[in-house]
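Structure record follows, encoded as structure tokens.
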């Protein structure tokens, strides 16, 4: 039997757009793209809290997740529980904004997420990126 899998990635950049670090995770399960993205945002928030980073912008190309994070309404679903976790994490970090971006502006995160199918639950730094991910980074920065 073939297991369903999904992955997500978080990418940290400096003010000039250069990638500082990235993390990826690959999970077993059959989830909607919205739930996978919400889980990625939750992971990003946990990651930046662990790192002690502030003045951070989290970008997502999933408008549903952005709207759910901004909504004051409770959501009684697994997706809603993940969104609630994100809101709790947001309360524990300072100066974090969450923005919607077009999918084309989120290329590095997508490339790292695709690569996580082969290298799951990994932290990437500088020269750790595969050549295809490095190509995407170079195209976005320059």
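The values are calculated or read from the model by the stated rules, or taken from the named source; none is laboratory data. Treat the numbers as computed from the prediction; the structure is a model and nothing was measured. So basically every Cβ, Gly included, is an ideal-geometry build from the backbone, and we count neighbours across all protein chains shown.
Some notes on this structure:
- Selection status of residue 46, in contact (Cβ under 8 Å) with a residue 60 or more places away in the chain and either in a helix (DSSP H, G or I) or farther than 18 Å from residue 101 by Cα (or both): no
- Among (1) at pLDDT 90 or above; (2) over 15 Å from residue 8 (Cα atoms); (3) in a helix (DSSP H, G or I) - the single one residue 136 does not satisfy: (1)
- Counting the residues of segment 1-33 that are in a loop (DSSP other than H, G, I, E, B), surrounded by fewer than 17 Cβ atoms within 10 Å (Cβ to Cβ) and out of contact with any helix residue (DSSP H, G or I) (no Cβ under 7 Å at 6 or more places or on another chain) gives 10.
- Among the residues making up segment 28-39, those that are in contact (Cβ under 8 Å) with a residue 40 or more places away in the chain and farther than 9 Å from residue 62 by Cβ are 32, 35, 39.
- Residue in segment 98-111 that is at pLDDT below 70 and over 19 Å from residue 33 (Cα atoms) present: no
- Of the residues making up segment 49-68, none is modelled with pLDDT under 85 and part of a helix (DSSP H, G or I).
- Cβ pairs under 7 Å, 6+ apart, first in segment 79-108 and surrounded by 13 or more Cβ atoms within 10 Å (Cβ to Cβ), second part of a loop (DSSP other than H, G, I, E, B) and at pLDDT below 90: 93/54; 101/61; 106/61
- Verdict on residue 36 being farther than 21 Å from residue 67 by Cβ, crowded, with 18+ Cβ neighbours inside 10 Å and touching a strand residue (DSSP E or B) at 6+ places or on another chain (Cβ under 8 Å): no
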